[in-house]
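Peer 1: Just passing along the structure, written as structure tokens.
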Amino acid sequence: MKIGHVEVENGILLAPMEDVTDPPFRRVCRGLGADIVYTEFISSEGLIRDARKSTQKLTIYEDERPVSIQIFGSREEAMADSARIAEEAGPDFIDINCGCWVKDVVKRNAGAGLLRDLPMMRQIIKSVVDNTSLPVTVKTRLGWDRNSIVITDVARIVEDVGAVALAIHCRTRDQGHEGLVSWEYIPEVKKAVSIPILLNGDVRTPEDVKHAFETGADAVMIGRAAIANPWIFRDAQHYIKTGVIPEKPTLEERITVALEHLRNNLEYKGDHYGILEFRKFWSGYLKGLPLAAHVRRDLVVAPDMEVIQQRLDRYQDEVTEHVREQKERREKYFQEQMEVSV
Ligand SMILES: Cc1cc2nc3c(=O)[nH]c(=O)nc-3n(C[C@H](O)[C@H](O)[C@H](O)COP(=O)(O)O)c2cc1C
């Protein structure tokens, strides 16, 4: 499938996530098979004031392409200027956030706030499209609430002003991240426009990815499930191609990827924040492994790379020992059963 000039095989994308989809995490997800990755959302007002928090988010690693920079705002001029600034950072796309549900954002009529004012949404999208040579995409929700589902009108606007794709988080603004997702709107939207439609919301497994494509969506975007398991991209790509879900990653694979991610985090954020902001990823990397709770408890308070590395080395020995003990116990049990039965 094709979005703008970028051709991708299946169209399984990493969703933009504040405090999560920074360059080190995006690199992990691209490496594991995400077809396109998105930055965290970036405030247009912050970008035009050159605020460090916003400009730092423009960093792109060459090996994570194709990557989209996501911006948000409610003033046309600020969005136009920030589109130019974002373009200088050299992404493959610019994405406009019209779906953020957070109070501080919507009260300024940005993010999902624009779902209450479609003429304004049109102007905002147009101001970005008119001020960049890059392909522009939009990410939004079904509507403000259940009584105001406007997604088909939004899709027509997005296409009409020249944006090249629309990602739909299949919830309304008042649902936040909870409650049922409504993928059933996708076929209706697909009928109304010819730009690619990207389905988002509660895609958690390779089977979900397949079902999501069955709605007619051109691509599927994964958020939270990737934090808990970045291998979802590898697994879903393989499942779509072959119908087979690969074996779970081994302990060694998980530790290798986690440490590489952590090293990139330290390089990107410095030693202190690199360690601190990595803590949210440990439970995902260790999920389902034997003795995971113990090691996770130690890793989330570990102060530096050396302590982490030592703890993980010890953990690998503990797991080897644990597996050996379990095997012995099983063998002893079968032996006893045999003795009883003879
Ligand atoms: C921690 C977190 C941060 C998020 N930040 C953004 C963001 O910056 N921009 C955006 O468009 N959506 C953001 N979202 C919404 C996700 O992109 C996605 O639409 C939502 O999580 C539903 O998809 P999922 O069920 O696959 O997680 C965020 C979600 C989470 C959980």
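Peer 1: Kindly work out what percent of the DSSP beta bridges joining two residues of the chain are antiparallel, to the nearest 5. Don't jump to the answer; show the numbers that get you there.
Peer 2: Details: 3 of 33 bridges.
If I count the DSSP bridges inside the chain, around 10 percent turn out antiparallel.
Peer 1: Sum -39500 (n - 2.57) across every DSSP H segment of at least 4 residues in the chain, then divide by the residue count to get the 222 nm mean residue ellipticity, nearest 500.
Peer 2: Only helices count here, giving -14500 deg cm²/dmol.
Peer 1: Taking springs between alpha-carbon atoms closer than 10 angstrom, which of R173, R254, R330 fluctuates most in the Gaussian network model of the chain?
Peer 2: For the chain, modelled as a Gaussian network with Cα springs under 10 Å, the answer is R330.
Peer 1: Which residues' amide hydrogens lie under 5 Å from the amide hydrogen of A165, considering only partners 5 or more residues apart or on another chain, with H built in the peptide plane?
Peer 2: So A165 has HN proximity to V138.
Peer 1: Using +1 at the C-beta of Lys and Arg and -1 at the C-beta of Asp and Glu, which of V150, S82, M221 has the Cα lying farthest in the positive direction of the dipole of the chain?
Peer 2: Farthest along the dipole direction, towards plus: V150.
Peer 1: Of all the Cα-Cα pairs you can form in the chain, what percent are over 37 Å apart?
Peer 2: Numbers: 13820 of 58311 pairs.
Pairs farther apart than 37 Å: 24 percent.
Peer 1: Moving to a separate point now. Could you count how many Lys pairs in segment 249-342 have their Cα atoms under 30 Å apart, skipping same-chain pairs fewer than 8 positions apart? Show your work: numbers first, answer last.
Peer 2: Values: K269/K280; K269/K287; K287/K327; K287/K332.
Number of lysine pairs found: 4.
Peer 1: For T256 and R65, calculate 0.36 nm times their separation in residues minus their Cα-Cα distance, and state this gained length in nm to one decimal.
Peer 2: Numbers: separation 191, 0.36 × 191 = 68.76 nm, distance 2.20 nm.
Computed gain between T256 and R65 is 66.6 nm.
Peer 1: Given 0.36 nm per residue, what is the gain on full extension from T242 to D130 after removing their alpha carbon distance, in nm?
Peer 2: Numbers: separation 112, 0.36 × 112 = 40.32 nm, distance 4.17 nm.
Net length gain for the segment: 36.1 nm.
Peer 1: Here's another thing I want to ask about it. If the only charges are +1 at each Lys and Arg Cβ and -1 at each Asp and Glu Cβ, what is the size of the charge dipole of the chain around the Cα centre, to the nearest 20 debye? Each step should come with its number before you reach the end.
Peer 2: Values: 46 positive and 55 negative charges, 149 e Å.
Magnitude of the dipole: close to 720 debye.
Peer 1: For K126, list the aspartates and glutamates whose Cα falls under 12 Å from its own Cα; do not include residues on the same chain fewer than 8 positions away.
Peer 2: Of all the aspartates and glutamates, those that pass the test against K126 - Cα under 12 Å, at least 8 places apart if same chain - are E76, E77, E159, D160.
Peer 1: Simple spin-label model, 7 Å along Cα-to-Cβ: E18 to H294 in nm?
Peer 2: It works out to 3.9 nm between the two label points.
Peer 1: For the chain, set up a Gaussian network in which alpha carbons nearer than 10 Å are linked by springs, and say which option among V203, V319, V138 fluctuates the most.
Peer 2: V319
Peer 1: Taking the Cβ of M1 as the center, what net charge do the other residues with Cβ under 10 Å away carry, scoring Lys and Arg +1 and Asp and Glu -1?
Peer 2: Numbers: positive: K2; negative: E7, E9, D35, D218.
Spelling it out: positives minus negatives among the neighbours equals -3.
Peer 1: Could you grab the relative contact order for the chain? Cα pairs under 8 Å, six or more apart, rounded to a whole percent.
Peer 2: On the way: 601 pairs, mean separation 44.7, N = 342.
Once normalised by length, the contact order is 13 percent.
Peer 1: Right, next: How many nm separate the modelled label positions at Q310 and M120, each set 7 Å beyond the Cα in the direction of the Cβ?
Peer 2: Simple spin-label model gives 5.6 nm for this pair.
Peer 1: Further, regarding this structure: Rounded to whole Å and sorted largest first, list the principal axis extents of the Cα atoms in segment 28-72.
Peer 2: 35, 16, 12
Peer 1: Could you calculate the FRET efficiency of D160 with E188 from 1/(1 + (r/R0)^6), where r is the beta carbon distance between them and R0 is 25 Å, rounded to 0.05? All intermediate terms of the calculation are to be shown ahead of the outcome.
Peer 2: Details: r = 17 Å, r/R0 = 0.69.
In this case the efficiency is close to 0.90.
The numbers here are math on the coordinates, done by the rules we state, and not lab data. Every value quoted in this text rests on a predicted model; they were computed, and no experiment measured them. Cβ: placed from backbone, ideal geometry, glycine included. Neighbour counts: every protein chain shown.
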